[in-house]
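The block underneath contains the structure these notes are about, expressed in structure tokens.
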Amino acid sequence: MKVTVDEDKCCGAGNCVLLAPEVFDQREDDGIVLLLNAEPAGTEHARVREAAAVCPAGAIRIGEGA
Amino acid sequence: MTETLPGTQSETLPEFPGVRAEKCPFDPPPRIQALQQDGPLTRVRLWDGSTPWLVTTYAEQKALLSHPQISSDVTRPGYPLSAPRTAGGSLSFILMDDPEHHRQRRMVQGAFTVRRVESMRPAVQRIVDGLIDDLLAGPRPVDLVEAFALPVPSLVICELLGVPYADHDFFQDNSKTIIKRDTTAEERAAAGGRLFDYLDGLVGDKLDHPGDDLLSQVAARVKAGELTRAEAAQMGVLLLIAGHETTANMIALGTLALLQHPGQLALLRESDDPKLIAGAVEELLRYLNITHSGRRRVALADIEIAGQVIRAGEGLIMANDIANRDPAVFPDPDELDLRRDARRHIAFGFGVHQCLGQPLARMELQVVYGTLYKRIPTLTLATDLDRIPFKHDGQVYGVYELPVTW
Ligand code: HEM
Ligand code: SF4
């Protein structure tokens, strides 16, 4: 799994951080998403998929493979 | 399906918002909920005779709320207004489109990150504990709205923004007037004006004497030339109103719903599991969906969806209370089930306007639902359900009063 985030789209509501704190964080000053791990381990995959599904701004993309 | 509806045909359309069934104060209006069976999009008639689209299904609401060609700008022709609009005044970013919406939202987003909000949890717990101490020491029965549900978010948001709590009655009264659905346009404009003037004065104070609060940060943007003073005051009004009555209604209406579902209430009373409590908050948000007037937008271009074409300039109402009861997403949607996984609900909206304060709202509700019923285990209603005054007329649903005893 390969994760990418689009900082320009992110509206900082933090859903991804709540769901997958190992993979996503937010910048201190403006709440924009920070990707902690672009290739999360298999145990994280379900949570990352859920984060992508609830992201209100469509800012999280998941590429398959590996 | 015709694109434009002649007057006579519009007479037969369901009126929106609808009327809730008398015995089901927690369920959406039956006639509106039933529209979901007719397909994702139908037409409804508003108070002004306009006939915007009503979107009732979860998938289509999410698709439309995150569509780049829909606008939140109330000043555009075709926007489905919930009440007459008085011209003039500046708009807050909830009614703006990107890029300006994004620019302004980002200025305050940092105050609502998951981590920042988590750091406020002990302070919120102290506020909640203190108010419950007062309840227990005070007379019975008591109105839970006045004595608990409103003060919790008021204290929190005043603290965060740097608004003196002494002024809380003042903004309480004015924000109530603004969000009541049946307030006249003049009354709403007057109340909005008073709040605006008050926040404008506060921004002025913060310009001269900045503190460690959000309004001081907003004032600093004025100094830096990134916001006008009017924009800053308007932003303050938005944060004050949006974070206040919503959370209060979730506390009071949520408590009422739990009192009517004693088995569910027992789960909260008996569990210390933060996961269960967090899950319960999501389910109550889904089930009660207090923002019951729908997310309102206007199409900027023709949009094809679910076999229909929404024309540029047509109004759209995404009834998120109905989407949160979509059986395709939530099995047995009309059941309150604190143990279900409700995290996909859209009670905070969806798309770029999704609630800015949701981490804060979630945390406040977790503390409240996780504390109140444990500390007052015999909490009960001090009147009959059918004597409770519900906010049928509110932009945000809830109860005006909740007499309880223990
Ligand atoms: C349980 C409580 C709450 C509920 C149910 C709620 C619900 C909502 C909803 C549905 C929207 C989307 C509006 C739209 O799409 O047009 C929204 C936006 C907003 N909410 Fe909340 N809210 C709550 C608490 C809060 C709190 C505590 C704050 C903190 C200040 C807050 C601040 C805002 C702001 C600033 C917006 C505008 C966001 C934007 O336009 O980008 N809300 N809220
Ligand atoms: S859920 Fe989406 S919009 Fe929200 S912080 Fe994460 S990436 Fe940004």
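Values quoted throughout were computed directly from the atomic coordinates according to the rules given, and no laboratory measurement underlies them. In this text the structure is predicted, and so the values were computed from the model without any measurement. All Cβ positions, even for glycine, are placed from backbone atoms using ideal geometry, and neighbour counts span all protein chains on display.
Taking a ≥ b ≥ c as the square roots of the Cα gyration tensor eigenvalues, the range B:95-220 comes out oblate, since a/c reaches at least 1.5 and a/b does not exceed b/c.
Taking +1 at the Cβ of each Lys and Arg and -1 at the Cβ of each Asp and Glu, which of B:LEU54, B:ALA224, B:ALA189 sits farthest along the dipole of the range B:7-405 towards its positive end, judged by Cα position relative to the Cα centre? Of the options given, the answer is B:ALA224.
Diffusion coefficient (Stokes-Einstein, Kirkwood radius over C-alpha pairs, 20 °C, 1.002 mPa s) for the range B:268-366: 142 µm²/s, rounded to a whole number. Using C-alpha pairs under 8 Å with a sequence gap of at least 6, the mean separation divided by the residue count of the range B:29-104 gives a relative contact order of 21 percent. Placing unit charges on the Cβ atoms of the charged side chains and taking the dipole of the protein assembly as shown about its Cα centre, the candidate lying farthest along the positive direction among B:ILE94, B:VAL114, A:ILE60 is A:ILE60. Using 0.36 nm per residue and subtracting the Cα-Cα separation, the extra length available between B:LEU136 and B:ALA230 on full extension is 29.5 nm. Projected onto their three principal axes, the Cα atoms of the range A:2-63 cover extents of 30, 19, 16 Å, largest first. Since only B:THR42, B:GLN354, B:CYS158 are under comparison, the one whose Cα sits farthest along the positive direction of the charge dipole of the protein assembly as shown, derived from C-beta charges on Lys, Arg, Asp and Glu, is B:THR42.
Given +1 at the Cβ of Lys and Arg, -1 at the Cβ of Asp and Glu and no other charges, the dipole of the protein assembly as shown around its Cα centre is 340 debye to the nearest 20. Cβ crowding within 10 Å ranks B:THR378, B:THR113 as B:THR378, B:THR113, fewest other Cβ atoms first.
Using only alpha carbon pairs under 8 Å that are at least six residues apart, calculate the relative contact order of chain B and give it in whole percent.
So the answer I get is 24 percent.
Helical runs (DSSP H, four residues minimum) scored at -39500 (n - 2.57) apiece and divided by the length of chain B put the mean residue ellipticity at 222 nm at -14000 deg cm²/dmol.
Counting only other chain Cβ atoms within 10 Å of each residue's Cβ, the peptide A:4-16 averages 5. Shape index of chain B: Rg/Rh, with Rg the Cα radius of gyration and Rh the Kirkwood radius from the inverse mean 1/r over Cα pairs, equals 0.95. The shape of the protein assembly as shown can be summarised by an equivalent ellipsoid whose semi-axes, obtained from the alpha carbon gyration tensor, come to 30, 28, 27 Å from longest to shortest.
Applied to the range A:48-60, the Karplus parametrisation 6.51 cos²θ - 1.76 cosθ + 1.60 on θ = phi - 60° returns per-residue 3J(HN,Hα) values of 5, 4, 5, 4, 4, 6, 8, 4, x, 9, x, 8, 10 Hz, with x for Gly and Pro.
The range B:349-406 and the range B:199-278 have Cα centres separated by 15 Å.
Counting only whole DSSP H helices of chain B, the ones at least 30 Å long by C-alpha along their axis and with mean Kyte-Doolittle hydropathy no lower than -1.0 are B:185-208. What the phi angles of the range A:20-27 give under the Karplus curve with 6.51, -1.76 and 1.60, with θ = phi - 60°, is a coupling list of 9, x, 6, 10, 10, 9, 10, 5 Hz, glycine and proline written as x.
Lysine pairs in chain B 8 or more apart or on different chains: how many have alpha carbons under 17 angstrom apart?
Values: B:LYS23/B:LYS391; B:LYS176/B:LYS391; B:LYS180/B:LYS391; B:LYS206/B:LYS223; B:LYS275/B:LYS374.
Value for chain B: 5.
Rounded to the nearest 20 debye, the dipole size of chain A about its Cα centre is 280 debye, using +1 on the Cβ of Lys and Arg and -1 on the Cβ of Asp and Glu. Computed about the Cα centre, the dipole magnitude for the range B:7-405 is approximately 640 debye when only Lys and Arg (+1) and Asp and Glu (-1) carry charge, each at its Cβ. In this label model, A:ALA53 and B:ASP73 are separated by 3.5 nm, measuring between points 7 Å along each Cα→Cβ vector. Close amide H partners of B:GLU15, meaning residues 5 or more places away or on another chain with modelled amide H under 5 Å apart, are B:ARG45.
Here the contact order of the range A:2-63, divided by its residue count and restricted to Cα pairs under 8 Å and six or more residues apart, works out to 45 percent.
Here the range B:207-357 yields Rg over Rh of 1.08, to two decimals, using C-alpha coordinates and the Kirkwood radius. As a proxy for reagent exposure, ranking B:HIS102, B:HIS244 by other Cβ atoms within 10 Å from fewest up yields B:HIS102, B:HIS244.
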